[in-house]
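Visitor: One structure follows; several queries about it will come next.
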Amino acid sequence: PLRRVALSAVGWAVLAMGCGSGRDAPVPSAAVALDGAVRSTREPAGLQRAAATRPGVAATRRERPTGAVDLPATLACAGTAARPAALECLQQLDALGMGNADVRDAFLKRLALEPDPRARADILARMTPVPLAREDLAPLLQALDAARTAGDPVLRAAALLQMAQWDRGDGVAGALRDGLQDPDPDVVRAAVRAAQASNVRTQEVKDALLVLAHDAAPGSELRGAAVDALGDFSLDRGEYALYGEAAGTLPGRGSR
């Protein structure tokens, strides 16, 4: 097997700018949220605790509110207020934790009510993934699965990034494969990042990454991202030959 390769952040300024267009209030980009999630899953727990206790180290997750939050009023605001106020209320609810069933329901209801796909992507970017029981996770995954097939590429990309964080099993493999074959390059980039962040190492995802690494323009950012993602997969000799051929076209790189 190949050694793990550091995640490439190349190409994600475009996605962050796309997700931000038309927003009513600034929020962390989906790519930044995903980067924090990748670090948290790959750093030893001891290092995470040590970093959290060192003076001056900023938290990677949103801070929990220090004052009391009127939960019924905030839930009502998220569901019925105009978009700017509703998004702010969703932000407050996320700070309370997505482990709360009422908070998750508020996000799902607002997603269903919101007609603007860019605003829906904005809502998705405000959700901080937490561990959930499969039964509690199912409605959220269903909503994300619907969003990843939407007509708007920004929404598709945002949904893929969220799915990779919420579903830690192979159930997301089909979504990743579809994303890697998406006609929009920003969605493909999101799928590559999502594949790296996920625990999925199935043959179908590996095959899609090999095709992408081969078909993307030589020396391109997209080819580089696919090659980096393949560093997390075990390859046979034939697959390794394809990987090495793609890696050899990248500046300063060769097969690993």
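The values are calculated or read from the model by the stated rules, or taken from the named source; none is laboratory data. Quantities reported herein were computed from a predicted structural model and do not represent experimental measurements. Here the Cβ is made from the backbone with ideal geometry for all residues, glycine too, and neighbour counts use every protein chain on show.
Visitor: Within segment 193-233, can you find the residues that are of a type in the set (S, T, Y) and at pLDDT below 95?
Guide: Residues of segment 193-233 that are of a type in the set (S, T, Y), as a first pass: 198, 202, 220.
Hits for segment 193-233 are S198, S220.
Visitor: Same structure, new question: Of the residues Q196, Q165, which is among the polar types (S, T, N, Q), within 23 Å of C89 (Cβ to Cβ) and within 13 Å of the chain's Cα centre (by Cα)? Let's see the steps before the verdict.
Guide: Numbers: Q196 fails: within 23 Å of C89 (Cβ to Cβ).
Just a single option satisfies the conditions, and that option is Q165.
Visitor: Just a yes or no: is a residue in segment 122-129 among the hydroxyl-bearing types (S, T, Y) and part of a helix (DSSP H, G or I)?
Guide: Step one: filter segment 122-129 for residues among the hydroxyl-bearing types (S, T, Y), giving 128.
From the residues that got through so far, the ones that are part of a helix (DSSP H, G or I) too are none.
The answer is no, given that none of the residues of segment 122-129 is among the hydroxyl-bearing types (S, T, Y) and part of a helix (DSSP H, G or I).
Visitor: Need pairs with beta-carbon distance below 9 Å; first residue in contact (Cβ under 8 Å) with a residue 12 or more places away in the chain and more than 13 Å from S234 (Cβ to Cβ) and within segment 195-214, second assigned to a helix (DSSP H, G or I) and polar (S, T, N, Q); sequence gap 6+ or separate chains.
Guide: Taking only residues 6 or more apart or on different chains, the pairs are A197/T41; A197/Q165; S198/Q165; N199/T41.
Visitor: A follow-up question, please. Within segment 70-113, can you find the residues that are modelled with pLDDT of 95 or more and assigned to a loop (DSSP other than H, G, I, E, B)?
Guide: Within segment 70-113, G97, M98, G99, N100 meet the criteria.
Visitor: A216 passes all but one of (1) surrounded by 18 or more Cβ atoms within 10 Å (Cβ to Cβ); (2) more than 24 Å from R134 (Cβ to Cβ); (3) small (G, A, S); (4) touching a Gly at 6+ places or on another chain (Cβ under 8 Å); which number fails?
Guide: (4)
Visitor: Counting just the residues of segment 86-140 that are among the small types (G, A, S), within 16 Å of Q165 (Cα to Cα) and touching a helix residue (DSSP H, G or I) at 6+ places or on another chain (Cβ under 6 Å), which one comes out surrounded by the most Cβ atoms within 10 Å (Cβ to Cβ)? Working first, answer last.
Guide: Of the residues in segment 86-140, the ones among the small types (G, A, S) are 86, 95, 97, 99, 101, 106, 112, 119, 121, 125, 133, 138.
Applying the additional criterion that residues be within 16 Å of Q165 (Cα to Cα) yields 97, 99, 121, 125, 133, 138.
Right, trim to touching a helix residue (DSSP H, G or I) at 6+ places or on another chain (Cβ under 6 Å) and you get 121, 125.
Numbers: A121: 30, A125: 23.
That would be A121.
Visitor: Out of the helices (runs of 4 or more DSSP H) lying entirely within segment 163-216, which hold 3 or more residues that are under 13 Å from V227 (Cα atoms)? First the steps, then the outcome.
Guide: Values: elements: 173-180, 185-197, 203-215.
Per the criteria, 185-197, 203-215.
Visitor: Can I ask one more? Just give me the residues in segment 227-246 being part of a helix (DSSP H, G or I), closer than 15 Å to R193 by Cβ and touching a Lys or Arg at 6+ places or on another chain (Cβ under 9 Å), in sequence order. Break it down stepwise before answering.
Guide: Our first condition is that a residue be part of a helix (DSSP H, G or I); within segment 227-246, this holds for 227-230, 237-246.
From the residues that got through so far, the ones that are closer than 15 Å to R193 by Cβ too are 227-230.
Residues satisfying the conditions are V227, A229, L230.
Visitor: Please indicate, with yes or no, whether at least one residue in segment 210-224 is touching a Pro at 6+ places or on another chain (Cβ under 9 Å) and under 15 Å from L124 (Cβ atoms).
Guide: Looking for residues that are touching a Pro at 6+ places or on another chain (Cβ under 9 Å) and under 15 Å from L124 (Cβ atoms), one finds none in segment 210-224, hence no.
Visitor: Next question. Note down all Cβ pairs under 7 Å where the first residue falls in segment 129-145 and is within 10 Å of G99 (Cα to Cα) and touching a residue at least 40 places away in the same chain (Cβ under 8 Å), the second is in a helix (DSSP H, G or I) and of a type in the set (A, V, I, L, M), and they're at least six residues apart or on different chains.
Guide: P129/A37
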